[in-house]
Amino acid sequence: MRGVLLFLLIVFSFTGCETTVDFSARLLTTIPETALWVEAFHRTYSHDHIEVLYAPSLEEGLSRYRDIDLVISEETLPASRLFPYPPGAENPLCDPDSFYPGILAALGNGSTLIRYPLSFSLPVLAYATASLSELQPGSLTDLETVIELSADHTTTRRGAITRIGFFPGLAPSWVEHYLPLFDVTFLPGPGGRIVWDQRSLEGFMDFLTSWYDRAGISHRDVVRYRERYLTLPPAENLRQGRATMLYLPLSSFFMIPEEARSSLDFVYLSHRGRVPAISPVTTASILRDAPHRDTAEHFLRWLLDPEGQEEILAHLGRTGIPFFGLAGGLSSLVEVSEGILPRIHPRLAGKIPPPNAILFTPPPREEVRRFYDESFLPWLEAALEGEAGESLAP
């Protein structure tokens, strides 16, 4: 329903307004909710107009539309396409002290920043409140604690006993999120080849193997469990006892309907006291050849201000459309995530990790993303199922 409403709203925004207003800046986005942000902006600044253009991908949007000033997306364009501020000059759009530590360093640095972080999500482990007394809601829970729980806790479903808590094989995205915490990074090398630290990767795979062994679960057990039981909506699996714990983004947890979420709590799954921000972070960027850069800067300055984001969140609340934060996540501005969002979502109060506990990693380049999709993740899935052939090597 949310998607249908947003679609109708966007169609109206794109077609109904375009014929009556001479827009002074064009915004290309892959995030439908951006149309609502622009509505909130227009409520305050009626003299600066933003035309919202939606496309499923930036590549498709840039080939379809011309004279784009601004892009907002989880995808990233090459730095050569984006407008950089001169080195040493003060960036008028960005106050580094307002952002979570580490997020600016992951995208750029100081006055030359060309990608402006807007929001991010964090991985959490959801569980039925009454089922796991060992976990403290909203806390940083180390992987070691979860491994012990996966070995000790049992659930039953119609007489079938499963010693399943949370396992990598039940949440493949977990691996990609947590690789940086194990010092595994993939980088473009000479000739377009992807290179990585083989020792770190082997150490990570040893960790996964040990996890299964300590819990007394085989790869096949996990695969069969996943295929047989994990077909219902996530919260329903927890309610029916088919799963003890569920791995998902914080944004997805808060998009579960309140009646289904009322009996659930969550913890942040950490390693050595750190939680990885789910990559990539939603960012905004001004194109190098933007024909209306002044208007684009005005909109971004408003968007990167706590008061502007508070206006957006209030406007989203008035629409009646379920939402969580900005672009489905926590704001990159500390003040908004720690001060404003808990007023809208009271269950966040006191449950946001310390800023220095969040690890932000640079957005993957196109060739790295392709390597993940075509080579690494298929190899990893086979390895988790005990069917891997030769070891992955640079």
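Of Ser63, Ser133, all but one fail to be without any contact (Cβ under 8 Å) to a residue 12 or more places away in the chain and not assigned by the TED database to the domain that holds Gly329; the exception is Ser133.
Close contacts from region 261-273, counting a first residue that is part of a helix (DSSP H, G or I) and a second that is not basic (Lys, Arg), with Cβ to Cβ under 8 Å and a gap of 6+ residues or different chains, come to Arg261/Ala235; Arg261/Phe253; Arg261/Phe254. Among all residues of region 300-309, there is at least one that is over 21 Å from Val146 (Cβ atoms), assigned to a loop (DSSP other than H, G, I, E, B) and open to solvent by 30 Å² or more (accessible area, probe 1.4 Å). For region 345-394, taking the residues that are β-branched (Val, Ile, Thr) and touching a helix residue (DSSP H, G or I) at 6+ places or on another chain (Cβ under 7 Å), the one that is surrounded by the fewest Cβ atoms within 10 Å (Cβ to Cβ) is identified as Thr361.
Among the residues of region 101-132, those that are open to solvent by 50 Å² or more (accessible area, probe 1.4 Å) and more than 20 Å from Phe253 (Cβ to Cβ) comprise Pro101, Ala105, Asn109, Thr112.
Residues that are within 19 Å of the chain's Cα centre (by Cα) and either basic (Lys, Arg) or in a helix (DSSP H, G or I) (or both) within region 313-334 comprise Leu313, Val334, listed in sequence order. For first residues located in region 317-336 and farther than 30 Å from Gly102 by Cβ, partners that are of a type outside the set (Lys, Arg) and assigned to a helix (DSSP H, G or I) and lie 6+ apart or on another chain with Cβ distances below 7 Å form the pairs Thr319/Leu36; Ile321/Leu5; Ile321/Leu6. Note on region 205-225: residues that are open to solvent by 40 Å² or more (accessible area, probe 1.4 Å) and β-branched (Val, Ile, Thr) total 1. All conditions but one from (1) touching a Phe, Trp or Tyr at 6+ places or on another chain (Cβ under 7 Å); (2) open to solvent by 60 Å² or more (accessible area, probe 1.4 Å); (3) within 21 Å of Ser375 (Cβ to Cβ) apply to Pro190; the one that does not is (1). The single condition among (1) at pLDDT 90 or above; (2) out of contact with any helix residue (DSSP H, G or I) (no Cβ under 9 Å at 6 or more places or on another chain) that Ser262 does not satisfy is (1).
Residues checked against (1) open to solvent by 10 Å² or more (accessible area, probe 1.4 Å); (2) over 18 Å from Leu303 (Cα atoms); (3) modelled with pLDDT of 95 or more:
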residue	(1), (2), (3)
Glu33	yes, no, no
Asp48	yes, no, no
Glu51	yes, no, yes
Glu59	yes, yes, no
Ile72	no, no, yes
Glu75	yes, yes, no
Ala79	yes, yes, no
Pro92	yes, no, no
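Within region 243-255, restricting attention to residues that are surrounded by 21 or more Cβ atoms within 10 Å (Cβ to Cβ) and not small (Gly, Ala, Ser), the residue that is farthest from the chain's Cα centre (by Cα) is Thr244. When region 158-177 is filtered for residues that are of a type in the set (D, E, K, R) and either over 14 Å from Arg226 (Cα atoms) or at pLDDT 80 or above (or both), the ones remaining, listed by number, are Arg158, Glu176.
Yes or no, residue by residue, for (1) more than 22 Å from the chain's Cα centre (by Cα); (2) modelled with pLDDT under 90; (3) in the same structural domain as Ile164 (by the TED database):
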residue: Gly216; (1), (2), (3): yes, yes, yes
residue: Arg226; (1), (2), (3): yes, yes, yes
residue: Arg239; (1), (2), (3): yes, yes, yes
residue: Val267; (1), (2), (3): no, no, yes
residue: Pro291; (1), (2), (3): yes, no, no
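Against the test of being in contact with a Gly (Cβ under 7 Å, 6 or more places away or on another chain) and among the acidic types (Asp, Glu), the options Glu367, Glu338 yield a single qualifying residue, Glu367.
The values are calculated or read from the model by the stated rules, or taken from the named source; none is laboratory data. All figures in this text were calculated on a predicted structure; none of them were measured in a lab. As a convention, Cβ positions derive from the backbone with ideal geometry for all residues, glycine included, and neighbour counts pool all protein chains shown. Keep in mind that these areas ignore ligands, DNA and RNA; they rest on the heavy atoms of the full protein, side chains included. Shrake-Rupley method; radii C 1.70, N 1.55, O 1.52, S 1.80 Å.
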